[in-house]
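**Q** Take this structure, written in structure tokens, and hold onto it; I'll ask about it next.
Readers should treat all values here as calculations from the given coordinates under stated rules, not as data from a laboratory. Please read these numbers as outputs of a predicted model, since none were measured by experiment. Backbone-built Cβ (ideal geometry, glycine too); neighbour counts: all protein chains shown.
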Amino acid sequence: MPGVFRSSVSGLARHVTDAAELGIPAIALFPAIPAALKDSEASEALNPENLICSAARLLKAEFPQIALIGDAALDPYTDHGHDGLIREGYVANDETLAMLVKQSVNQADAGIDIIAPSDMMDGRIGAIRAGLDAAGHIHTRLMSYAAKYASAFYGPFRDAIGSGSALRGDKKTYQMDPANAEEALHEVAQDLSEGADMIMVKPGMPYLDIIRRVKERFEVPVFAYQVSGEYAMIMAAVQNGWLDHDRAMLESLIAFKRAGCSGILTYFAIEAARELYK
Ligand code: PBG
């Protein structure tokens, strides 16, 4: 997407320096795994020296003031593009949980402060919390993507990590139907009861009603993920001369605050901080 780049581990420091200088409190890491390292069992997800773990070690040492958010999900590592293991044609929930626990403990060992499960398996918050505690990571927080919809707006992200073209079928057996609202509240209640510290709603702008309802019902920290497709829409309109970049960017972000968000995960972070603090 315009203004968004994949980086090598060694090149990361330059981007993170910008974020640190602007006072951005946390960054989220996602891996673009070479196709040769992907397989049906997501083996690379459990490699304690994989891209995410090595990036986390480096960043933690260099930028102790920035919180690191690590993604718990298998889709960057599977050759079929799904967030879980496939057994008899279905994503196998419980077998996937064991992988997510190991993946999360590896990330916490490497210095990740906040584990953010984006996979939507059932029961993963409780399982990951127990696994982290057993490994001594009692301070590692859990930001649950509790309300994650099976959305068309993830396209550019899937292109960037190479999970899109390979994706067999869709993710509708584990991500939510965009028509459902109450289901989001059930998912959030379940994840909070299992130990989630914060809740993520994703995508953001098309689901502002969900953000508001979750905030009012549960009064916990709620985060919006302004996903790749949302960013891409605004940037495409800007590039066509149809929208004003700064005004559209800030209006889209203010909408999240108005809806009740405690924080926003966005591809605009650096530009928005520059604009707000100039
Ligand atoms: C999957 C994951 C996705 C995103 C973050 N984690 C895509 C998907 O569910 O296929 C999308 C983020 C974005 O579009 O910016 N674990």
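**Q** At a threshold of 8 angstrom on Cα-Cα distance, excluding pairs fewer than six apart, so keeping six or more, what relative contact order does segment 9-276 reach in percent?
**A** Details: 466 pairs, mean separation 43.8, N = 268.
Reported relative contact order: 16 percent.
**Q** Another question about this same structure. What residue among GLY263, GLY241, GLY23 has the largest mean-square fluctuation in a Gaussian network model of the chain, using Cα springs under 10 Å?
**A** GLY241
**Q** Now for a separate question. Which aspartates and glutamates have a Cα less than 12 Å from the Cα of LYS171, not counting those fewer than 8 places away in the same chain?
**A** Correct list for LYS171: ASP75, ASP83, ASP119.
**Q** While we're on this one: Which trypsin sites (Lys or Arg not before Pro) does segment 163-213 hold that lie in a coil by DSSP with at most 12 other beta carbons within 10 Å?
**A** Hits after loop and neighbour filter: ARG168, LYS172.
**Q** Then there's this: Report relative contact order for segment 138-278 in percent, whole number only (criteria: Cα-Cα under 8 Å, sequence separation at least 6).
**A** It comes to 26 percent, rounded to a whole number.
**Q** Suppose we take every Cα in segment 9-276 and form the convex hull; what volume per residue is that in Å³?
**A** Working: hull volume 34.7 nm³, N = 268.
Considering the Cα atoms of segment 9-276, their hull volume per residue is 129 Å³.
**Q** With +1 on the Cβ of every Lys and Arg and -1 on the Cβ of every Asp and Glu, and nothing else charged, how large is the dipole of the chain about its Cα centre, in debye rounded to the nearest 20? Show your work: numbers first, answer last.
**A** On the way: 25 positive and 37 negative charges, 110 e Å.
About 520 debye.
**Q** Now for a separate question. Set Lys and Arg Cβ to +1 and Asp and Glu Cβ to -1, take the dipole of the chain about its Cα centre, and tell me which of GLY155, VAL101, GLY3 lies farthest positive.
**A** GLY3
**Q** Please enumerate, by chain and number, the aspartates and glutamates with C-alpha under 13 Å from the C-alpha of LYS278, excluding those fewer than 8 residues away in the same chain.
**A** The qualifying aspartates and glutamates are GLU21, ASP246.
**Q** May I have the pair-distance distribution P(r) for segment 36-152, computed from all Cα-Cα distances with 5 Å bins from 0 and rounded to whole percent?
**A** Bin by bin from 0 Å, the calculated values are 2, 13, 22, 24, 20, 12, 5, 1, 0, 0.
**Q** FRET efficiency for ASP122 and LEU46, Cβ-Cβ distance as r, R0 = 22 Å, nearest 0.05?
**A** On the way: r = 21 Å, r/R0 = 0.95.
For R0 = 22 Å, the calculated efficiency reads 0.55.
**Q** Another one. For segment 125-278, what does the convex hull of the Cα positions come to per residue, in cubic angstrom? Provide the component values of the computation, followed by the final result.
**A** Working: hull volume 22.7 nm³, N = 154.
Per residue, the Cα convex hull of segment 125-278 comes to 148 Å³.
**Q** To the nearest Å, what is the center-to-center distance of segment 195-235 and segment 56-124, using C-alpha atoms only?
**A** Value for the Cα centre distance between the two parts: 20 Å.
**Q** Given a Förster distance of 25 Å, report the FRET efficiency between ARG87 and ALA32 from their Cβ-Cβ distance, rounded to the nearest 0.05.
**A** Values: r = 26 Å, r/R0 = 1.06.
Plugging the Cβ-Cβ distance into 1/(1 + (r/R0)^6) gives 0.40.
**Q** Between ILE27, ILE69, ILE112, find the one with the highest GNM mean-square fluctuation for the chain; connect C-alpha pairs within less than 10 Å.
**A** Looking only at ILE27, ILE69, ILE112, the biggest GNM fluctuation is shown by ILE27.
**Q** Checking the cross-link filter: which aspartates and glutamates have an alpha carbon closer than 12 Å to that of LYS215, excluding same-chain neighbours under 8 positions apart?
**A** Within the straight-line cut-off, LYS215 pairs with nothing.
**Q** So, one more: Taking the chain as a Gaussian network, where each spring joins two C-alpha atoms under 10 Å apart, which residue of ASP113, ASP244, ASP79 fluctuates the most?
**A** Result: ASP244 has the largest fluctuation of those listed.
**Q** Next question, about the same structure. With unit charges on the beta carbons (Lys and Arg positive, Asp and Glu negative) and the dipole taken about the Cα centre of segment 9-276, which residue among PRO64, ALA134, ALA255 sits farthest to the positive side?
**A** The residue sitting farthest along the positive end of the dipole is ALA255.
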